[in-house]
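Data block below; observations after.
The values are calculated or read from the model by the stated rules, or taken from the named source; none is laboratory data. All values reported here derive from a predicted model rather than from experimental measurement. Counting neighbours? That spans all protein chains shown, and the Cβs are built from the backbone with ideal geometry, glycine included. The area values use the complete protein model at the heavy-atom level, side chains included, leaving out ligands, DNA and RNA. Shrake-Rupley method; radii C 1.70, N 1.55, O 1.52, S 1.80 Å.
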Amino acid sequence: MMKTRVRLLLLLFTGALTLFVVFFVFDEKPNNVDVKDNKYYSQKLKPPTHYKPAKQQYIIHPPHIERTLPNRSGIIPRDAVWQKVQSTKYKFFIYSAYLDTRIKSVGPLVRIIGATKTRKPDPVWCRLWYANSSKTVSAFVKAIRENWNLKYSAVFVLCKLPSDGNHPLSVSIVSHIKDPITNEILIQTPKPTSQLKTDIEICVKPFHYYYDRAIQLMEFVELNYLLGIGHFTFYKNTIGPNVECVLDRYIKDNLVSVLSWQLDMVSKQEIRTEGMFAALNDCLYRNMYKSKYVAFLDIDEIIVPRQNDTLIKLINWLNIYQTPAAYSFRNAFFYMQWADDDSLPLDQNPFHSNLVVLRKTRRKTKLHPHKQRSKYICDPQRIVEVGNHFIWEFLNPNDGTFYFTPERAILHHYRVCEYGGNDCVTADSTVDRTVYRYRKKLVDRITNTLSNLDTNCLIEAQANTNETMYFSN
């Protein structure tokens with residue numbers, strides 16, 4: 001009886017030891033397995049809640065070389081015009097295309113500015129047109145980040161070029177590889193040059209709602225000109241006749257470029273504010289080799305240096321010590337509900353009392369931190385993707401932004417209370433007359449612009465109206 005119990009205990013012990021070896025020893029991670037080995041952990045570990053998926057890779061299929069060119073009769077390659085991609089399940093539009101050879105790990109590609117479904121966009125193909133041939137490659141659609149979780153987003157459509165060293169002249173986007181051609185975009189192929197056209201370019205999101213505040217526009221352009229801005233790029237959805245007159249004058253003076261912007265998506269319901277992030281990123285690439293720096297501002301915002309006369313002098317001062325890829329400026333609200341400055345000189349020029357930047361000198365004491373309402377200037381050749389208030393992606397991951405202190409420069413933002421009503425007027429405030437350094441020259445330049453408008457423009461008669469009473473964002 002005793003021997004039977006001993007045998008039974010030995011059997012149980014042996015079984016337990018076997019189970020321990022099977023479930024613990026053989027399940028132990030081998031010492032030579034890296035914790036980053038996805039194959040080993042793929043069935044055992046789940047990513048933590050803060051897990052960020054790996055950077056998407058370009059899915060490139062071998063190029064399909066056309067033996068017989070598809071019929072594209074009647075299709076003229078165009079730039080800066082929204083064109084529709086046919087036969088997709090969801091809306092899909094393309095606007096412009098740029099040759100981008102900067103990303104060495106990827107190789108040369110055609111970067112198309114477009115707009116389509118934010119998540120799970122339709123798969124599409126790039127048909128690359130050369131002088132006497134065409135090739136078709138798969139497209140990689142990447143949503144531009146600031147889409148506010150709306151159904152549609154500004155996107156990059158990326159076409160990886162075949163490794164034959166040839167660069168296409170234009171590109172079409174098709175839903176299926178054998179679809180007929182219904183769109184074609186002329187590819188911009190700018191090249192780095194030491195002869196840049198201007199020091200700083202300003203890009204402004206699309207004008208819409210029949211924007212017609214002509215004096216406000218002149219304040220923005222003329223004051224920025226005095227601050228060292230050499231050129232402006234505007235996008236026109238809808239504008240009024242007065243702004244049309246002013247823009248025509250500036251176009252003749254080679255001071256501004258105005259691009260058409262007719263995107264068939266419902267603003268703020270389907271896509272963020274007229275697809276503004278497509279415009280901002282188009283402006284980045286359009287001016288990449290034209291301007292040394294590019295600034296992204298709204299029409300009611302001015303970056304004002306406090307210890308330098310111009311913005312380029314401010315940047316050059318900093319560049320003695322370091323050369324960042326971008327420069328950020330904190331936002332200061334100059335609320336329109338605050339009383340006008342009573343120190344303006346009494347003279348015969350009506351614009352001393354009419355211009356908002358001269359009337360509204362009281363600003364909110366507390367500034368927003370960087371990346372909240374702030375705006376920036378950047379070196380476009382070192383940027384991949386821009387947002388509204390900061391850079392989303394630098395070409396070199398080691399690049400970054402320099403954050404200017406208010407002692408050096410402030411973003412002046414002229415508008416009504418941002419949450420409606422008049423509660424903002426109770427905020428702590430201070431008087432800031434920094435803009436007065438440019439007062440006389442500003443008034444003179446606006447007066448001169450008005451005198452040089454076409455004879456059918458009647459803006460001068462509106463100079464003393466309340467046209468500039470409220471700036472809206």
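What ranking, highest mean first, results for peptides 155-165, 214-224 when packing means the other Cβ atoms within 10 Å averaged over each residue?
214-224, 155-165
Using a ≥ b ≥ c from the Cα gyration tensor of the stretch 188-237 (square roots of the eigenvalues), is it rounded, prolate or oblate, where a/c under 1.5 gives rounded and otherwise the larger of a/b and b/c decides, a/b for prolate?
Oblate, since a/c reaches 1.5 and b/c is not below a/b.
Quick one: check the C-alpha center-to-center distance for the stretch 95-159 versus the stretch 166-190, whole angstrom.
11 Å
Suppose every K and R has +1 on its Cβ and every D and E has -1 on its Cβ; what is the size of the dipole of the stretch 80-171 about the Cα centre, in Debye to the nearest 20?
360 debye
Ranked from the most accessible area to the least, with a 1.4 Å probe and all protein chains present, what is the order of 343, 73?
73, 343
If you filter the stretch 297-334 for trypsin sites (Lys or Arg not before Pro), then keep DSSP loop positions with at most 15 other Cβ within 10 Å, what is left?
Those satisfying the criteria are 306.
At 1.4 Å probe size, what's the solvent-accessible area of residue 368? Round to the nearest 10 Å².
Accessible area, nearest 10 Å²: 40 Å².
Ignoring everything but the protein chains, give the 1.4 Å probe accessible area of residue 251 in square angstrom, nearest 10.
Here the residue's solvent-accessible area equals roughly 70 Å².
Classify the stretch 201-358: rounded, prolate or oblate, from the alpha-carbon gyration tensor (a ≥ b ≥ c, eigenvalue square roots; a/c under 1.5 rounded; otherwise prolate if a/b is larger than b/c)?
The shape class here is oblate.
Where in the stretch 357-380 does the amide nitrogen come within less than 18 Å of the point 7 Å from the Cα of residue 422, taken along Cα to Cβ?
360-364
Lys/Arg Cβ at +1, Asp/Glu Cβ at -1, dipole of the stretch 243-348 taken about the Cα centre: which of 271, 326, 307 is farthest positive-ward?
326
Over 20 Å between C-alpha atoms is what I'm after, so list which of 191/313; 104/292; 84/142; 151/236 land there.
Listed pairs above 20 Å: 191/313; 104/292; 151/236.
I'd like the distance separating the alpha-carbon centroids of the stretch 419-446 and the stretch 222-252, in whole Å.
Centre-to-centre (Cα) distance: 21 Å.
Rounded, prolate or oblate: which fits the stretch 146-194 when a ≥ b ≥ c are the square roots of the eigenvalues of the alpha-carbon gyration tensor, with rounded for a/c under 1.5 and prolate only if a/b beats b/c?
Oblate, because a/c is 1.5 or more while a/b does not exceed b/c.
Given the protein chains as shown and a 1.4 Å probe, how many square angstrom of residue 125 are accessible, to the nearest 10?
Ignoring ligands and nucleic acids, residue 125 comes out at about 70 Å².
List, in order, the whole-Hz ³J(HN,Hα) value for each residue of the stretch 326-342 obtained from phi through the Karplus relation with A = 6.51, B = -1.76, C = 1.60 and θ = phi - 60°; use x for Gly and Pro.
The phi angles translate into 8, 9, 9, 10, 6, 8, 10, 7, 10, 5, 5, 6, 6, 4, 5, 5, 9 Hz.
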